[in-house]
Each structure stands twice: as structure tokens, then as C-alpha cells.
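The structure appears below as C-alpha cells.
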Amino acid sequence: MLELERVSRHFGGVRAVDGLDLKVRDGEIVGLIGPNGSGKSTTVNLVTGLFSLTSGQIRFRGQDIAPLPTHMRLQGGIARTFQNIRLFGQLTVWQNLWVAQNSPADRAKRGFFSRWLGGQSGVRDEIVSLLEFSGLAHKQDELASNLAFGEQRRLELARAMATKPKLLLLDEPAAGMNSEEIGQLRERILKLRERGLTILLVEHVMELVMGVTDRIAVLNFGQKIAEGTPAEIQKDAAVRKAYLGGDAAAAEGGS
Amino acid sequence: MFDFIQAVLDGILFGTIYSLIGIGFTLVFGVMHKINMAYAAASIGAAYIGLVSASAMKAASAWVVFGCSLVAGGVLGFLVYLICFHLIPLRNENATLMSTVGMLLLADELISHATTGAPQNYPATLEDVMFRFGEMSMRGDLVVVFGVSVVCTAALLLLLYRTRLGLATRAVAQQPIAAQLCGMRVAQVNTLTFVITGVLGGIAGALICSAVGSLSILLTGPLTVKGLIVTVIGGLGSVPGAIVAGLLVGGLENVFQHFRGVTERDMYVMLLLFAFLIFRPGGIFAKGQGRD
């Protein structure tokens, strides 16, 4: 589904991402973890086209997507959520989902008038089911900015779904959530996989990452330092060192 | 007392034009976070092209002139976008400010060259018609100004708040990056914003010339200034703010004129601007006070 090959992005002298190889196969949930500043968010931004590559290649379903502008990547089937929520605050919950229905299939369904001017028929059922999926059905006419934090996160996920993606990038979806909400999020992510989505999950909250992913890649200083199943990653010495610091890992190893 | 109410009433009727111009400035700012300084000049330019093309068609009726100005406004809006925004790297904040100031001066020059600096007669809509209500009266052409402006504003609000296109425009204004990731094309939305505001500008320009009775190069400067004042008072990027601020500036302007005469009028309007900048820098509808 998604292949990153020797991908680098430098900001001046800083190598935010440095020679990263990463493969996400169809239907997989892959976790991308690492300490702050290790290049996780930069990687997501590279895949969605917000940053351009310094070097390397990104292929999505076999096609090199590096030259495509952001909105074209979406049409190919990539969607994402943001670490700091970016909803259309002055639009209602319903409208947030409505304007996001821009997949080629949705566009083809719309005639000239409904494309520009309205006509909600045909897309209504989908919005209703997305609202139910995210538990926001009773809030459909609220402005997005008036929602509680957890609801905003759910709406952002629903909005990403409204674009009918094949690959979903989740950038720290559990940030600021309590453990009950994290449990619900896990259920939701697993349901998305059942629907056939491929997911790349960037996350700090280990409770979530260890619980849902098939495979985890660990970044540090822009480079991949480990990759494996959640169980393997939990035991990996290099990962412990990156997270706990050299001395702590040594002390722990010594005891 | 009746004189005073009469002044306020006339001012508010005329103020709807300021609202239209303010909406044009504020919409572009809302979507692109850039000021289009050439807007008012392009609007008068559109009114001139409308006048010329209507006379070329031997149809000098005010309504034909309005229609031609509307189309010319849309075309000029597109040209301004193309020349001042699309072809100029947006990364530099000041580049587009300079390019639109340049366009303002160029439009000024073009109009004054084409008209050889002389005021052009502009057809009136309802000449010498007065609506009377007891002591009060309303100039017919001002009522037309009011009616046309209200219809245009209502159409724009419908577009922005009820249609997919309008919602996409507002989505791009609120979260450009997320909007792109939802498949919206920012360049397309920007272009449409300029065409739509251009159309509004063409209508507003024709309305002003028609209410004044002539088209002159002397209109562009004051109209630019009034438009910017309305935009600031309404709050940059706020369409409802621009509507109310236009009426406010129009009404107060006439009151100042009523009490202090036409020579002092604009001084007080400027003071009003500073009062807002100091006490309500976020505009009429800003939530709380604050400069952010």
C-alpha cells in the first residue's frame, strides 16, 4: 500500500527524517513511535505532501506520489488526522463531513449544480452512518468549535473517513484522552480495519499502540532504530535506550 | 430632529454600498489572509467598462450598465488574482500588498487616461423619484441602491452558508491545510473568491456612480479608504461585521456631514477608525477585547 524508500527531509542542517525505509502492507495497522522530535510527524507530513522530500521515494499503491500536490494525494486515497485538531470550527458537524466528501467516486456522483451549490441527496446516508460510527449523531447541527475535546477528535476521524481513504494516517489520536476514551478509540480503529482500511498510527500512548498494531517501527533522530511486532519492540534494547536514555537502560540491564 | 433622522436614513441607504465593498475586502482577507488594495479601484474600473460597453451596445439604460459592470467586475477580479496573487510568490507577505497597491495605481492611471480625467455622466436608476412618509422622504435612487445591495448581500450569504462551494470557501479560510487534505483545491477556491468579490465590486461601483450621477477618477481613493475602514471596523475576515460596519459608517458619515459639513465629515470617520483600533481592535463582533 505505502512504501517509503530511503526517504530524507532536512531542515537546514537538521536531519528530521534521514534515510527512512518503511513499508505498510494492505490491511495492516502499523505503529510509528519514537521520542519527541524523532521525525514521526515529519514523516506523516511527507506522505501527505505538506513537506517536499529532500531525497528518496514515496510510493502509494505502486505509484510515485512525490510530485503530486496534497489534494491529489487525497484523491488517490490518503487521509489523515492532526495532532493538534484542525476542524472547520465555524462549520457544523454535518457540514464538516459534507465538505470532505471529495473522493473521485463522490465527485462523479455529483452533477454540476450539486457539485457547487448543494443537493445533499445520496451523500446523506453516508454522513448519517459516519455520525453514528463516531457517536456524534445528536450533535450534527453543533458548530465544530463548540464540541468537547474528545468529540472533536472523533469528528476529525469521521471527516477523514468521509474522504473515503484507503490509507489513514493518524497523528497522535490519543493525545489528551483518558483511558476510557483510549479504549473506545481502540475499538474504533479495529472496526476501521475490518472495513478494509490500512492504517499508519503515530502515537506516544503505548497502551494504544501495543493494543492495536500488527507491526511497529521505532524512530530516533530521524532514523529507524527498530521494527517488529509489539512484543518484539517491548523487549528491544535499542528502543529502551532511546526512550529511557543510555544510563537508565544500562542500569536496568545491569540489575 | 427630522433632519437628523433623515440624515441617518440616507446614510444607511448609501452605507449598503460600503457594506458591499467591505465584504469584498474582508472575504479575500478571510480566505487568503491578504489585503487586495486594488479592489475599490477595480470596482470603479468595472463600472467604467460597464458604462462604455453598454453605450457601445447603444443601450444606455442603467440596468444594462449594471449588468455589464457586473460581468466586467468578475473578469477584473480574475485578472487581479492572476496578476497580483497567482503569478507572485505568496510566501512573502509584502509582495502581494505591493502588487495590489501597484494595481490600484495602475487602475487609477488607466481610468484617468481613458476618461481624460473628466467626469463621465452615469445613468441614474430612478431619477427625481421621491418616496414620502409624512415628514420623511427617501430618494428613489438611494432606495434602488439599498435594494440592489441587500439582494446581492443576501445572495452572497446564501452562497457562503448554504452551498457546498461556500462551505468549501469557508473551510479553506478556517483551515487551509486540512481543507487541502479533504480534497479541496485552494487555488480554485481563491480564484472563485476573487471572481465573486469582483462581481460584487462591479455592482457596487456602478451603484455608486449611478447614485453620484457621474464616474470620476476621484471616486477610487475615498472608496478604497472607506472600504478598508469598514473592513477594520467589521473585523478582518468577518462578513456579518462588514455588513454592519458599512451601515454604521454610512449612517455616521451622513450625521457628521449634517452637523459639521462635508469638509469635516471624513476627519470624523477617520477618528472612528482609530477609536475602533484602540478599543475594539478585533472589530464589532470580536469575542472580547484583544489583539492577537
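The values are calculated or read from the model by the stated rules, or taken from the named source; none is laboratory data. All of these numbers come straight from a predicted model, not from anything done at the bench. Counting neighbours? That spans all protein chains shown, and the Cβs are built from the backbone with ideal geometry, glycine included. What goes into the accessible areas is simple: the full protein's heavy atoms, side chains included, and nothing from ligands, DNA or RNA. Shrake-Rupley method; radii C 1.70, N 1.55, O 1.52, S 1.80 Å.
If A:A174 satisfies every condition in (1) modelled with pLDDT under 90; (2) within 12 Å of chain B (Cβ to nearest Cβ); (3) open to solvent by less than 10 Å² (accessible area, probe 1.4 Å) but one, which is the exception? The failed condition is (2).
Among the residues that make up region B:193-209, is at least one of them in a loop (DSSP other than H, G, I, E, B), more than 14 Å from every other protein chain (Cβ to nearest Cβ), under 25 Å from B:L105 (Cβ atoms) and of a type outside the set (V, I, T)? Checking region B:193-209: not a single residue is in a loop (DSSP other than H, G, I, E, B), more than 14 Å from every other protein chain (Cβ to nearest Cβ), under 25 Å from B:L105 (Cβ atoms) and of a type outside the set (V, I, T).
Right, B:E127: acidic (D, E), open to solvent by 40 Å² or more (accessible area, probe 1.4 Å) and under 22 Å from the mean Cα position of the chain (by Cα) or not?
Numbers: acidic (D, E): yes; open to solvent by 40 Å² or more (accessible area, probe 1.4 Å): yes; under 22 Å from the mean Cα position of the chain (by Cα): no.
It is false that B:E127 is acidic (D, E), open to solvent by 40 Å² or more (accessible area, probe 1.4 Å) and under 22 Å from the mean Cα position of the chain (by Cα).
Starting from region B:58-73, keep only residues that are in contact (Cβ under 8 Å) with a residue 12 or more places away in the chain, then list their pairs with residues that are open to solvent by 10 Å² or more (accessible area, probe 1.4 Å) and outside any helix (DSSP H, G or I) whose Cβ atoms are within a distance under 6 Å, requiring at least 6 positions of separation or different chains. From region B:58-73, the pairs are B:A60/B:P123; B:A62/B:P123; B:A62/B:T125; B:V65/B:P123.
Within region B:33-58, can you find the residues that are out of contact with any helix residue (DSSP H, G or I) (no Cβ under 7 Å at 6 or more places or on another chain) and under 16 Å from B:Q120 (Cβ atoms)? Across region B:33-58, the qualifying residues are B:V52, B:S55, B:A56. Cβ-Cβ contacts under 8 Å between residues 6 or more apart (or on different chains), taken from a first residue in region B:152-166 that is free of Cβ contacts under 8 Å to residues at least 60 places away in the same chain to a second residue that is among the β-branched types (V, I, T), are listed as B:L159/B:I196; B:R164/A:V99.
Taking the criterion of being surrounded by 16 or more Cβ atoms within 10 Å (Cβ to Cβ), within 14 Å of chain B (Cβ to nearest Cβ), at negative phi and part of a loop (DSSP other than H, G, I, E, B), the residues of region A:140-165 that qualify are A:T163, A:P165.
Give me a count of the residues in region A:221-244 that are in a strand (DSSP E or B) and in contact with a Lys or Arg (Cβ under 9 Å, 6 or more places away or on another chain). Break it down into steps so the answer makes sense when it comes.
Of all residues in region A:221-244, those in a strand (DSSP E or B) come to A:223-228.
In the following step, the residues that additionally are in contact with a Lys or Arg (Cβ under 9 Å, 6 or more places away or on another chain) were identified as A:223, A:225, A:227-228.
Total meeting the criteria: 4.
Only one entry in A:L168, A:L136 is within 14 Å of another protein chain (Cβ to nearest Cβ), at pLDDT 90 or above and buried (at least 18 other Cβ atoms within 10 Å of the Cβ), namely A:L168. Any residue at all in region A:203-214 that's open to solvent by less than 10 Å² (accessible area, probe 1.4 Å) and either without any contact (Cβ under 8 Å) to a residue 40 or more places away in the chain or within 19 Å of A:L20 (Cα to Cα) (or both)? Within region A:203-214, one or more residues are open to solvent by less than 10 Å² (accessible area, probe 1.4 Å) and either without any contact (Cβ under 8 Å) to a residue 40 or more places away in the chain or within 19 Å of A:L20 (Cα to Cα) (or both). Just the residues that are assigned to a loop (DSSP other than H, G, I, E, B), within 19 Å of B:A59 (Cα to Cα) and not aliphatic (A, V, I, L, M), please, taken from region B:115-134. Across region B:115-134, the qualifying residues are B:Y122, B:P123, B:T125, B:E127. Give the residue that is nearest to A:S103 (Cα to Cα), with candidates limited to residues of region A:41-69 that are open to solvent by less than 10 Å² (accessible area, probe 1.4 Å) and in a helix (DSSP H, G or I). Result: A:T48. Taking region A:89-110 as the range and being over 15 Å from B:M184 (Cβ atoms) and either within 8 Å of another protein chain (Cβ to nearest Cβ) or open to solvent by 10 Å² or more (accessible area, probe 1.4 Å) (or both) as the test, the residues that pass are A:G89, A:Q90, A:T92, A:W94, A:A105, A:A108, A:K109.
Specify which of the listed residues (A:T54, A:T43) is in contact with a His (Cβ under 6 Å, 6 or more places away or on another chain) and touching a residue at least 12 places away in the same chain (Cβ under 8 Å). Give the derivation first.
Details: A:T43 fails: in contact with a His (Cβ under 6 Å, 6 or more places away or on another chain).
Every option except A:T54 fails the conditions.
Every condition in (1) outside the structural domain of A:A108 (by TED's automatic domain parsing); (2) in contact with a strand residue (DSSP E or B) (Cβ under 9 Å, 6 or more places away or on another chain); (3) not acidic (D, E) is met by A:A144 except one, and the failing one is (1).
In this structure, B:T26 does not qualify as touching a Lys or Arg at 6+ places or on another chain (Cβ under 6 Å) and open to solvent by less than 20 Å² (accessible area, probe 1.4 Å).
The single condition among (1) open to solvent by less than 40 Å² (accessible area, probe 1.4 Å); (2) at the interface with another protein chain (Cβ under 9 Å from one of its Cβ atoms) that B:R185 does not satisfy is (1).
With the structure loaded, tell me whether A:I189 is modelled with pLDDT of 90 or more, within 24 Å of A:D106 (Cβ to Cβ) and buried (at least 16 other Cβ atoms within 10 Å of the Cβ) or whether it fails that test. Please lay out each step first, then the result.
Working: modelled with pLDDT of 90 or more: yes; within 24 Å of A:D106 (Cβ to Cβ): yes; buried (at least 16 other Cβ atoms within 10 Å of the Cβ): yes.
Answer is yes for this residue.
Which one is nearest to the other protein chains (Cβ to nearest Cβ) among residues in region A:62-88 that are farther than 16 Å from B:G183 by Cα and under 17 Å from the mean Cα position of the chain (by Cα)? Here the residue is A:I85. Here A:F11 passes the criteria (1) more than 14 Å from chain B (Cβ to nearest Cβ); (2) without any contact (Cβ under 8 Å) to a residue 12 or more places away in the chain; (3) open to solvent by less than 50 Å² (accessible area, probe 1.4 Å); (4) not charged (D, E, K, R) except the one numbered (3). Starting from region A:232-246, take each residue that is more than 17 Å from A:S38 (Cα to Cα) and list its partners that are in a helix (DSSP H, G or I) and modelled with pLDDT of 80 or more, counting only C-beta distances under 9 angstrom and pairs at least six apart or across chains. Note: pairs meeting the criteria are A:Q234/A:M206; A:Q234/A:M210.
No other residue among B:F274, B:F194, B:F285 is surrounded by fewer than 21 Cβ atoms within 10 Å (Cβ to Cβ) and touching a residue at least 40 places away in the same chain (Cβ under 8 Å) apart from B:F285.
When A:I33 is tested against the conditions (1) of a type in the set (A, V, I, L, M); (2) within 14 Å of chain B (Cβ to nearest Cβ); (3) surrounded by 22 or more Cβ atoms within 10 Å (Cβ to Cβ), the lone failure is (2).
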